[in-house]
Amino acid sequence: MSETLLPLKEALWAASITKEQLAELPAAHFDRSVVLVDSEEGARRAAEILTQETELGFDTETRPSFRRGQSFNVALLQLSTHSVCFLIRLNKIGLTPEIKSILEDENIRKIGVSIHDDFHNLHKIYSLEPKGFIDLQGFVKNYNIADNSLSRIYAILFGQRISKGQRLTNWEASHLTLHQQEYAALDALACIKIYDHLTTVGFSAVDSPYYRDINATPAPAPKEEPKKAQEASDTDATAEQATENKSTPSKRKNET
C-alpha cells in the first residue's frame with residue numbers, strides 16, 4: 001500500500017516565541033502606582049486624570065465560571081497611563097458617564113489586546129460606542145510578529161514573562177488582593193508599553209532571537225530508554241558475560 005505524502009508547508013519566517021522559551025524568561029513586575037476605583041467620586045477623579053492623556057492601556061477582567069451554563073459580567077475595567085493604572089470596579093459602581101465618555105472619545109487612543117472580546121462582554125450590560133481603540137493583535141503584524149497573546153508579544157519585545165497566575169481568581173471579591181491588583185494593572189500597562197516601543201523604538205523581527213520559520217514542524221525529542229528497561233538490559237548483559245566467562249577456560253588452565 002503506497003503511503004500518501006502531505007505537501008510541505010511553505011516557509012514563513014516571523015518573530016514567535018515558543019512555550020518553552022517563554023517559561024525560561026524572568027517574570028515581569030508592575031512598578032507603577034495602582035488606584036482602586038470603587039465609588040462614583042473616585043471615578044470622577046480618575047476621569048480628570050485620564051482625560052489629560054493622549055493614550056491609555058486598556059483591559060478588562062471577568063470572574064471565571066466553572067459550571068456549565070454559568071457566566072458573569074465584566075467586573076473590572078483597567079485604564080493605565082504611563083505612571084498609574086486605575087482599576088475601576090464595574091461590579092460595584094457600574095460604567096459611570098465620565099468613564100464611558102473616555103471609552104467613546106476618539107481623541108484618546110486606547111490600546112488593548114483582543115479588544116473585540118472586551119467589547120462583546122461590555123455590550124452585554126452597557127450601551128457603548130467604543131472609539132479610538134487599537135488592537136495589538138493586528139498592530140504587531142506590521143512588525144512581523146506572529147504571536148497574538150499579550151504575554152508572548154511582551155516577552156518578544158522585553159524579554160520578560162507576564163504571569164497568568166491570577167487570571168482565574170474571583171474578580172468580584174469584596175476586596176482585591178495585592179496580587180490581583182498588580183496582575184490587572186500590569187496587563188493594561190503592558191499594552192501601552194508595547195505600543196510605545198513599536199512606534200518609537202521600532203522592532204526588527206530578523207534581528208530577534210525568536211525569529212523562526214513558524215510553519216516548520218519541531219523535530220521530536222529523542223526517546224529515552226525507560227529506566228527499568230535499561231536496568232534489565234544491563235543485568236542481562238552482565239549475566240551473559242558471566243556465562244561466557246564460565247564456559248571459557250582460563251589461559252592458566254590451558255597452559256597446564
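For the stretch 131-142, the candidate set comprises residues that are of a type outside the set (A, V, I, L, M, F, W, C) and out of contact with any strand residue (DSSP E or B) (no Cβ under 8 Å at 6 or more places or on another chain); within that set, the residue that is nearest to HIS179 (Cα to Cα) is GLN137.
Give the residue, chosen from LEU90, LEU79, that is surrounded by 13 or more Cβ atoms within 10 Å (Cβ to Cβ) and more than 22 Å from LEU136 (Cα to Cα).
Working: LEU79 fails: more than 22 Å from LEU136 (Cα to Cα).
Only one candidate qualifies: LEU90.
Whenever a residue of the stretch 91-110 is part of a helix (DSSP H, G or I), its partners that are among the charged types (D, E, K, R), lying with C-beta atoms within less than 6 angstrom and at least six residues away or across chains, give the pairs ASN91/GLU172; LYS92/ASP38; ILE93/GLU40; GLU98/ARG44. Taken together, the criteria place SER33 among residues that are more than 29 Å from PRO209 (Cα to Cα), loosely packed, with under 13 Cβ neighbours inside 10 Å and in contact with a strand residue (DSSP E or B) (Cβ under 9 Å, 6 or more places away or on another chain). Just checking, does the stretch 15-29 include any residue being at pLDDT 95 or above, under 18 Å from GLN180 (Cβ atoms) and touching a Ser or Thr at 6+ places or on another chain (Cβ under 6 Å)? Within the stretch 15-29 (the criterion being at pLDDT 95 or above, under 18 Å from GLN180 (Cβ atoms) and touching a Ser or Thr at 6+ places or on another chain (Cβ under 6 Å)), the answer is yes, since at least one residue qualifies. The set of residues in the stretch 154-172 that are without any contact (Cβ under 8 Å) to a residue 24 or more places away in the chain and loosely packed, with under 13 Cβ neighbours inside 10 Å comprises LYS164, GLY165.
Which of the numbered conditions does PHE119 fail, given that it passes all the others? Conditions: (1) over 27 Å from HIS175 (Cα atoms); (2) touching a Pro at 6+ places or on another chain (Cβ under 7 Å); (3) not small (Gly, Ala, Ser). It fails just one condition, (1).
When the stretch 140-179 is filtered for residues that are within 11 Å of ILE17 (Cβ to Cβ) and not in a helix (DSSP H, G or I), the ones remaining, listed by number, are ILE145, ALA146, ASP147, SER149, GLY159, ARG161.
Filtering the stretch 58-79 to residues that are within 18 Å of the chain's Cα centre (by Cα) and within 20 Å of SER39 (Cβ to Cβ) leaves THR60, GLU61, GLN78.
The values are calculated or read from the model by the stated rules, or taken from the named source; none is laboratory data. Because the structure is a prediction, the values reported are computed rather than measured. Quick reminder, even Gly has a Cβ in these numbers, built from the backbone with ideal geometry, and neighbours come from all protein chains shown.
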